[in-house]
Amino acid sequence: MFKFCLKFYIGLILIFTLTSIMRVEGQQLTPFTLYRDHWNLINPAAVSNNYILAEYPYSVSASTRIQYLGIGVNWKDAPITHVMNAEWINDNLNSTFGLQLISDKMGLLGNSGAYLQYAYKLRLSRREEKFLSFGISAGAVNYYSKINGADFPVAEPDIVPVSTYLPDINIGIYYRNEDKYYLGISFPQFMNLTAKFRNLDKELFSVKRYRHVYAVGGLNIPFDFFGLGDETAILDLSAWIRYLPNQLPVIDGNIRYQHNQTFWFGAGVSSNATSHFEVGFLAGKTIGLFDNQIKISIAYDVPFGKSIYHLGSSIEASIAYSWY
């Protein structure tokens, strides 16, 4: 598969270098299924479910997502995304502080980035937990290419492994009405910049980073699962809309049931002909961690029907630790 990826990228570069500088358009952000632990990656004004449902002010989490499985791509060569996320919510300052580290690799191309996040919470009620939050995350992204012209059937000495850095900013707005419902809109890659790969004074190719638009809404409904649940059991209904210029919007609908702060399961469907399934486990008071919580989550995305979007299935795993 390594040779296949190499030939694929080499073919692209040869085609475009015979005509003009290559530009890779429509750079999409990784569509996380377990976004509830990584809200601030796509909306820096939002907070994770660790705080929304259990009011843990400190959280650290890590996740891995592997894509394009089941279409002849093995685990080693598949696109893979790693995320590390830290969150601190200070109610006295009405503020959220965060740090995110991201690594995204596809074949011989990839990027890694680091972001600092800040959000201010404007309280709309003294009696109820209603607030409007405004957030921003700023950082830098390193784009790299491991494509080497020496590996081409006909050697291209001007094409060598290169890398470039870009600043990046994400902004967002988030509204929450207690544990009842939430709404948010965000603009990742707000600066709309282009990563240009150069060898000395020559531009080899570029990657256009388009500004995205994400909108989300959801309801948290108390549900005791026919008398078996307690006051922490909920049914979470949510919908996502993701828009990228010059492409059709992608709409996701999800349903998720969490039982007694011990486990949850959920499913969803997307307009790009993909279904989602997830399951997770919570370990806290049940194992003697009264001020701490460990959460393990697994998600699986699989395409259905006939669609031009079919790029195989994806699997995602996440672990989070929260505390007071």
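General remarks:
- Going through (1) farther than 30 Å from Glu231 by Cα; (2) under 17 Å from the mean Cα position of the chain (by Cα); (3) not in a loop (DSSP other than H, G, I, E, B) one by one, Ile185 falls short only on (1).
- Residues of segment 230-259 satisfying the condition of being crowded, with 18+ Cβ neighbours inside 10 Å, of a type outside the set (A, V, I, L, M, F, W, C) and within 19 Å of Gly284 (Cβ to Cβ): Asp236, Arg256, Gln258, His259
- Unmet requirement for Ser145, which otherwise passes all of (1) within 25 Å of Gly217 (Cα to Cα); (2) in contact with a Pro (Cβ under 8 Å, 6 or more places away or on another chain); (3) open to solvent by less than 20 Å² (accessible area, probe 1.4 Å): (1)
- Filtered residue count, segment 215-243, keeping only those that are closer than 18 Å to Leu41 by Cα and of a type in the set (S, T, N, Q): 1
- Residue count for segment 190-227 under the criterion of being touching an Asp or Glu at 6+ places or on another chain (Cβ under 8 Å), closer than 30 Å to Arg123 by Cβ and open to solvent by less than 30 Å² (accessible area, probe 1.4 Å): the result is 2.
- Inter-residue pairs, beta-carbon under 8 Å, first closer than 30 Å to Gly149 by Cβ and assigned to a loop (DSSP other than H, G, I, E, B) and in segment 198-219, second of a type in the set (Asp, Glu) and modelled with pLDDT of 80 or more, 6+ apart: Arg209/Asp168
- Some residue of segment 138-150 being closer than 26 Å to Ala195 by Cα, without any contact (Cβ under 8 Å) to a residue 24 or more places away in the chain and in contact with an Asp or Glu (Cβ under 6 Å, 6 or more places away or on another chain): yes
- Given (1) open to solvent by less than 10 Å² (accessible area, probe 1.4 Å); (2) within 29 Å of Lys196 (Cβ to Cβ); (3) aromatic (Phe, Trp, Tyr), index of the condition Tyr115 fails: (1)
- Members of segment 130-164 that are out of contact with any strand residue (DSSP E or B) (no Cβ under 7 Å at 6 or more places or on another chain) and in a loop (DSSP other than H, G, I, E, B): Lys146, Ile147, Asn148, Phe152, Pro153, Val154, Ala155, Glu156, Pro157
- Single match in Pro167, Pro153 (criterion: farther than 22 Å from Val60 by Cα and either modelled with pLDDT of 90 or more or surrounded by 15 or more Cβ atoms within 10 Å (Cβ to Cβ) (or both)): Pro167
- For segment 225-238, the count of residues that are under 19 Å from His38 (Cβ atoms) and out of contact with any Lys or Arg (no Cβ under 7 Å at 6 or more places or on another chain) is nonzero.
- Given (1) closer than 30 Å to Thr164 by Cβ; (2) part of a loop (DSSP other than H, G, I, E, B), index of the condition Arg126 fails: (1)
- Each residue in segment 86-105 was checked for being outside any strand (DSSP E or B) and in contact (Cβ under 8 Å) with a residue 24 or more places away in the chain, and 2 of them qualify.
- Residue-level check: of (1) within 20 Å of Arg36 (Cβ to Cβ); (2) at pLDDT below 90; (3) surrounded by 14 or more Cβ atoms within 10 Å (Cβ to Cβ), Ala317 misses just (2).
The values are calculated or read from the model by the stated rules, or taken from the named source; none is laboratory data. Computed from a predicted model, the values in this text were never measured in an experiment. Note that each Cβ is placed from the backbone with ideal geometry, even for glycine, and that neighbours are counted across all protein chains shown. These accessible areas exclude ligands, DNA and RNA; they are computed on the full protein's heavy atoms, side chains included. Shrake-Rupley method; radii C 1.70, N 1.55, O 1.52, S 1.80 Å.
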